[in-house]
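Worksheet: one structure, shown below.
What follows is calculated from the coordinates using simple rules that are stated; it is not laboratory data. For clarity, every value in this text was computed on a predicted model and none was experimentally measured. Using ideal geometry, Cβ is built from the backbone for each residue, glycine included, and neighbour counts are taken over all protein chains shown.
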Amino acid sequence: MSNSFSLFSRRKAVGLFATVLLVAGAATAQDFPSRPIRIVVANTAGTAPDTVARLVAPEMSKILGQPVVVENRPGAAMAIGFEHVAKAAPDGYTIALVYPSALVTLPLTVKELRFAPLKDLPPLIGLGEGRLLLATSPQAPWKSFNEFVANAKSNPGKWNYGWPDPSVRLLIEDLSRGLGISLTHVPYSGAAAYYQALLAGDIQIAFAAEATALSFGPRARILAVTGTTRSTTFPDAPTFAEVGVPRIRGLSYSLNLPVGVPKAVADKLYAAAERALQQPSLKESFAKLHLQMFSDNTPQANAQRLAESAASLAEVAKQIGLQPQ
């Protein structure tokens, strides 16, 4: 009798505890947000990710009725900012503005990470994607994408490409392997030196965002672009899909949460971000940045894009023998 009563009491206590948690969770979601929300950017102020965050934040603030502030935490190939959010309380008050290709590259390039990027920072919503353009120096002996590929195949390893960060290197290596060509990589400490090397002819191939490529003017030639349609800015450049390498994608941005945020809270944040993206002023600002909004920006769609990118870049890293440092 005593054992039966004890077992019954334990079950009753567990059931009561579960009920309390459910009620508490519902109350938390109902009250959310009751204080300011932070969007953490793992880049310095003035960079493209920072600009995107500062455009989205005030629109979300209007909808949620609480301040949404942007906080910059750069350093260690963005690991510092991403780790801060990954280890934050999973209450919805700390969000990461993510440049997904950088997130999936971290485990491939940074040794002894103290968090698992893909597991600990699941996506909330995709914000948009900007085109990446394959640019070449006008001094290079080709005028089109096909001419470049033919020349590179005839001269393996002769031509240089630059990269300011590992994600760009992996992207160009992925492109090279898809085309069956071999290029020599030259590392640069930052984007400014990287682009200057392209314009000076020190490197022959580089990736650039559309807005950046516009600033090049006649000092660079555009060979191909990401996206499903050709760029209206560079209509003569084919898409990567047209030239047979459709998996080369543009530079996208998303909002990601620490794992464990209650679904009801995440749903509120998603709804606010989704409404913000529909505001005409934000659409206009994104258009000026040459950012296109996703047709499917759900967490599931973004998780799939992240997984596909991670698998693709991991394979490239393995092929070139890239080791975390």
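Points worth noting:
- Dividing the summed helix terms, -39500 (n - 2.57) for each DSSP H run of n ≥ 4, by the number of residues in the chain produces a 222 nm estimate of -15000 deg cm²/dmol to the nearest 500.
- Over all other residues within a Cβ to Cβ distance under 13 Å of residue 57, the charged ones net out to 0, with Lys and Arg as +1 and Asp and Glu as -1.
- Seen against the Cα atoms of the chain and their longest principal axis, helix 100-109 is set at about 90 degrees.
- For 144, 176, order by how many other beta-carbon atoms lie within 10 Å, fewest first: 144, 176
- Whole-number percent relative contact order across the chain, with pairs defined as alpha carbons under 8 Å at least 6 apart: 26
- Using a Förster distance of 22 Å, the FRET efficiency for residue 177-residue 147 (Cβ separation, nearest 0.05): 0.65
- Counting other Cβ atoms within 10 Å as a rough exposure proxy, the listed residues 51, 105 run 51, 105 from fewest neighbours to most.
- Among 69, 104, 56, a tally of other beta-carbon atoms within 10 Å of each Cβ gives an order, fewest to most, of 69, 104, 56.
- Cβ-Cβ FRET estimate between residue 80 and residue 259, R0 fixed at 25 Å, reported to 0.05: 0.85
- Under Karplus coefficients 6.51, -1.76 and 1.60, residue-wise ³J(HN,Hα) of region 51-61 in Hz, glycine/proline x: 4, 4, 4, 6, 7, 6, 3, x, 5, 5, 4
- Placing unit charges on the Cβ atoms only, positive for Lys and Arg and negative for Asp and Glu, gives the chain a dipole magnitude near 480 debye about its Cα centre.
- Per-residue ³J(HN,Hα) for region 161-170, Karplus 6.51 cos²θ - 1.76 cosθ + 1.60, θ = phi - 60°, Hz, x for Gly and Pro: 10, x, 8, x, 8, x, 5, 5, 4, 5
- Sparse packing (at most 15 other Cβ atoms within 10 Å of the Cβ) combined with a DSSP loop state is found for the following trypsin sites (Lys or Arg not before Pro) in region 130-185: 143, 158.
- Rounded to the nearest whole Hz, the Karplus-based 3J(HN,Hα) values (6.51 cos²θ - 1.76 cosθ + 1.60, θ = phi - 60°) of region 309-325 follow the sequence 5, 4, 5, 5, 6, 5, 5, 5, 4, 5, 5, 8, x, 6, 10, x, 10, with x at glycine and proline.
- Within straight-line cross-link reach of residue 283, lysines at Cα separation under 20 Å, skipping those fewer than 8 residues along the same chain: 62
- Using a simple spin-label model with pseudo-atoms 7 Å out from Cα toward Cβ, residue 230 and residue 314 lie 3.8 nm apart.
- Extension gain for residue 279 to residue 325 (0.36 nm times residue separation, less C-alpha to C-alpha distance): 12.3 nm.
- For region 214-325, the spherically averaged projection of the C-alpha convex hull amounts to 10.4 nm².
- Positive minus negative residues near residue 231 (Lys, Arg vs Asp, Glu; Cβ under 9 Å): +1
- For residue 128, residues with placed amide H under 5 Å, excluding near neighbours: 253, 294
- Label of the coordinate-derived value, P(r) over Cα pairs in 20 Å bins from 0, in percent, listed as (1) 29, 48, 20, 3; (2) 30, 51, 15, 4, 0; (3) 33, 62, 5: (2)
- Under-5 Å amide H pairs with residue 182, H placed in peptide plane, nonlocal only: 157
- Cα-based reach from residue 119 at 19 Å (exclusive), listing lysines while leaving out same-chain residues under 8 positions away: 87, 111, 263
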